[in-house]
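Down below is the structure, laid out as structure tokens.
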Amino acid sequence: MAEIHDQFDTILILDFGSQYSHLITRRCRERNVYAELMPCTTLIKDINFKPKGIILSGSPYSVYDKDAPHVDPTVFKLGIPILGICYGLQEIAWNLGGEVTKCDHREYGFAEIQINKIGGGESVDALFEGLGEEMQVWMSHGDQLSQPPPDFHVIGHTKTAPYAALAHNTKPLYGIQFHPEVTHSPRGKELIAKFVLSICKCRQNWTMEEFIGKEISRIRDICGQRGRVIGAVSGGVDSTVAAKLMHEAIGDRFHAIMVDNGVLRLNEAQQVNEMLNRDLGVNLTVVDASELFLSRLEGIEDPEQKRKIIGNTFINVFEEEAAKIEAAADEEAKAGAAAKGRVEWLLQGTLYPDVIESISFKGPSATIKTHHNVGGLLKDMKLKLIEPLRELFKDEVRALGRLLSIPVPLVQRHPFPGPGLAIRILGPITRDQVKILQHADSIYIEEIRKANLYDQISQAFAVLLPVKAVGVMGDQRTYEQVIALRAVQSEDFMTADWFVFPADVLRRISSRITNEVAGINRVTYDISSKPPATVEWL
Ligand SMILES: Nc1ncnc2c1ncn2[C@@H]1O[C@H](COP(=O)(O)OP(=O)(O)OP(=O)(O)O)[C@@H](O)[C@H]1O
Ligand SMILES: O=c1[nH]c(=O)c2[nH+]cn([C@@H]3O[C@H](COP(=O)(O)O)[C@@H](O)[C@H]3O)c2[nH]1
Ligand SMILES: NC(=O)CC[C@H](N)C(=O)O
Ligand SMILES: [Mg+2]
């Protein structure tokens, strides 16, 4: 089965556990070159495609540590261009006979790199061509080269790092001490482009236009002439784009299922149903399982328990639906209709960040919270997985959505977590509490849209607190619950900052919520960034 790296020129990024490894991938893709991340311990013989170039990432380790990770040394014999970044540079030196030592002072933050002229002439190395004589860059290291490996020459230096950038005399091997992948290195993007385009000579064909056609034929190959697919669809961007792609590929052999778990936003099930069936022509069934979910959630306050109950109940509902689809097809066949293919596949909207997390060289990070659709899903499931968005970042998924003619408001939707309002009601969940939150949340989002702020915010929602506060309304004492408002800006939701609202918008929202939502007499605004907080409250 053809994979993406067989179809597009690919840059392989070997991850040594840096916080920024995924950013290197993004910088390549932004230049329309496909890039894929693999753990640094991957053996070259196990890589079943030929990358056009390799980038070695940074790392929290020091190359001379006893347990430091090292690259398969055959990588240097492949004859393809290699760029080492920070630890990557140190790793090249460590492998090829240079020396790395601890510096006197850790260097963290901005630095000026001077670009060296080559061979006494006016020209600079191809890696720095057109980038000027000096460049502001961002550093984060405690080690540096004290001796470059033989047959390398210096192509850039800083006040404190005489070997801040190196190139091999005859082979396409490069190393830089700074981090071009972070936005604090303003011309870093151009440098990565130089490596990927001028040195590796990659074609710039990684576009969603190219991807669509190739992916649709790949899905058709996988599913064969008759295979059928079911998919959980939430009305969120990822599952909608995946569903539309599936529909383009195999039409009615794809069955989308949305579960009303009783903790959706106001009118969500109905809106998603209309959008998918009417606007996108996708065959969607809404299953009302709100009773089942709410009864299982009764009296539960612990966040992890809420998440687990919801995750498991999703699977139960889902398996039941798959069985129903099969039974219906069997009935039709008995009545003389042409036999239908089996439901062999389960569509998942997995994105690249989920994959990166699971292949990260550092191994799985500490569990902060269990996202409902990760883990557990497949233990004794007969369905095989199909994940068309597995290699894509969220912005790529959005671009794909636009190309598939998914309406813009849907493509730009803020993410909404599968456990829904259950993780935004901080106390026990009851139908009444759900109603209060749905109402407050819909006012909040409506006012954000009216103020034309929706697209400036990455995610906004209301949270219902289990505490009561005293207020006064029409000369009467009130003793009611509190709503907290959350709005964040974020690139990838790994980190986030709170959104600065114009005061009049907040005033309007607060006034409407306290006036219109029975049971609420107070509204607060959450001014915590992630970290130390998270986006959701539970
Ligand atoms: N109410 C639901 N009914 C059916 N499937 C759901 C529901 N909620 C979540 N899912 C499934 O869980 C997956 C993960 O949810 P997640 O919120 O991460 O993605 P999304 O809803 O597709 O997109 P977004 O992140 O933009 O909300 C979805 O892609 C979908 O397959
Ligand atoms: O589908 C989901 N299932 C979940 O269980 C879940 N938990 C958090 N989120 C979303 O993930 C992003 C980061 O949220 P946190 O900072 O709270 O982890 C935010 O966009 C959250 O809305 C979830 N999405
Ligand atoms: N950012 C990095 O790759 C750091 C590499 C190594 N740990 C150092 O301190 O120099
Ligand atoms: Mg969602």
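Residues of region 206-236 with amide nitrogen under 19 Å from the 7 Å Cα-to-Cβ point of A333?
Under 19 Å, as judged by backbone N against the label point of A333, lie 223-230 of region 206-236.
What FRET efficiency would be calculated for the residue pair K77, E99, taking the C-beta separation as r and a Förster radius of 22 Å, to the nearest 0.05?
On the way: r = 22 Å, r/R0 = 1.00.
Step by step, r from the Cβ atoms, then E = 0.50.
In whole Å, what are the Cα extents of region 4-199 along the three principal axes, biggest one first?
Its Cα atoms span 43, 39, 31 Å along the three principal axes.
Mind listing the phi-derived Karplus ³J(HN,Hα) values for region 31-42, rounded to whole Hz, using 6.51, -1.76 and 1.60 with θ = phi - 60°, and x for any glycine or proline?
After applying 6.51 cos²θ - 1.76 cosθ + 1.60, I find 8, 6, 10, 6, 9, 10, 9, 9, x, 5, 8, 4 Hz.
Just to be sure I understand the model, the point goes 7 Å from the Cα along the line to the Cβ. What's the resulting F110 to A518 distance in nm?
5.8 nm
Sorted from largest to smallest, which semi-axis lengths in Å does the alpha carbon gyration tensor of region 102-224 give for its equivalent ellipsoid, taking the root of 5 times each eigenvalue?
That gives 35, 18, 14 Å for the three semi-axes.
Mean 1/r over all different Cα pairs, inverted: what Kirkwood radius does region 33-83 give, in Å?
Numbers: mean 1/r = 0.0814 Å⁻¹.
12.3 Å is the Kirkwood radius here.
Taking a ≥ b ≥ c as the square roots of the Cα gyration tensor eigenvalues, with a/c under 1.5 meaning rounded and otherwise prolate when a/b beats b/c, else oblate, which class fits region 413-491?
On the way: a/c = 2.45, a/b = 1.49, b/c = 1.64.
Verdict is oblate for region 413-491.
Using only the alpha-carbon atoms of the chain as identical scatterers, what base-10 log of I(q)/I(0) does the Debye formula give at q = 0.08, 0.09, 0.11 Å⁻¹?
With one equal scatterer per Cα and no solvent, log10 I(q)/I(0) is -0.64, -0.78, -1.06.
List V482, V505, V467 from most exposed to least, where exposure is judged by having the fewest other Cβ atoms within 10 Å.
Ascending number of Cβ neighbours within 10 Å: V467, V505, V482.
Residues with amide H under 5 Å of V287's amide H, sequence separation 5 or more or different chain, H placed in the peptide plane at 1.01 Å from N; which?
M258, V259, D260
How far apart, in nm, are two points set 7 Å out from the Cα along the Cα-to-Cβ line at V470 and at N283?
In this crude label model, V470 to N283 measures out at 6.2 nm.
Residue by residue through region 162-171, what is 3J(HN,Hα) from phi via Karplus (6.51 cos²θ - 1.76 cosθ + 1.60, θ = phi - 60°)? Round to whole Hz and write x for glycine and proline.
Result, rounded to whole Hz: x, 10, 6, 8, 10, 9, 6, 5, 10, 9.
Give the average over all directions of the projected area of the C-alpha convex hull of region 428-538, one decimal, in nm².
Details: hull surface 29.3 nm².
Directional mean of the projected Cα hull area for region 428-538 stands at 7.3 nm².
Could you work out the helix-only [θ] at 222 nm for the chain, with each DSSP H run of four or more residues adding -39,500 (n - 2.57) and the total divided by the number of residues, to the nearest 500 deg cm²/dmol?
On the way: 14 runs with 163 residues, N = 538.
Counting only the DSSP helices, I get -9500 deg cm²/dmol.
Arrange I230, I92 by Cβ neighbour counts within 10 Å, fewest through most, would you?
Final ranking by Cβ density, sparse to dense: I230, I92.
What is the order of K45, K189, K306, K66, fewest Cβ neighbours within 10 Å to most?
Going from least to most buried by this count: K66, K45, K189, K306.
In this model, which of K394/K530; K117/K194; K50/K244 are farther than 23 Å apart at the alpha-carbon?
Pairs exceeding the cut-off: K50/K244.
Please list, ordered by chain and number, the residues whose modelled amide H lies under 5 Å from the amide H of G156; skip anything fewer than 5 residues away on the same chain.
Under 5 Å from the amide H of G156 lie the amide H atoms of N116, A164, A165, each far enough along the sequence or on another chain.
Does region 208-412 classify as rounded, prolate or oblate by the C-alpha gyration tensor (a ≥ b ≥ c root eigenvalues; a/c under 1.5 gives rounded; else a/b over b/c gives prolate, otherwise oblate)?
Because its axes are fairly even, with a/c under 1.5, region 208-412 counts as rounded.
Run down the lysines and flag those whose C-alpha is under 19 Å from the C-alpha of K308, throwing out any fewer than 8 positions away in its chain.
Qualifying lysines at Cα under 19 Å: K369, K379.
When a/c is below 1.5 the answer is rounded, else prolate if a/b is larger than b/c, else oblate, so apply that to region 208-270 with a ≥ b ≥ c taken from the square roots of the Cα gyration tensor eigenvalues. Walk me through the intermediate numbers first.
Values: a/c = 3.74, a/b = 1.83, b/c = 2.04.
Because a/c hits 1.5 or more and a/b fails to exceed b/c, region 208-270 counts as oblate.
Run the simple label-point estimate for E30 and D432 please: 7 Å along Cα→C-beta, distance reported in nm.
About 5.1 nm, to one decimal.
Between region 73-138 and region 203-276, how many Å separate their Cα centres?
If we compute the Cα centre of each part, the gap is 44 Å.
Suppose we take every Cα in region 85-127 and form the convex hull; what volume per residue is that in Å³?
It comes to 135 Å³ per residue, whole-number rounded.
Since every read-out is calculated from the coordinates, none of them should be taken as a lab result. Keep in mind that what you see is a predicted model, and the values were worked out from it rather than measured. Backbone-built Cβ (ideal geometry, glycine too); neighbour counts: all protein chains shown.
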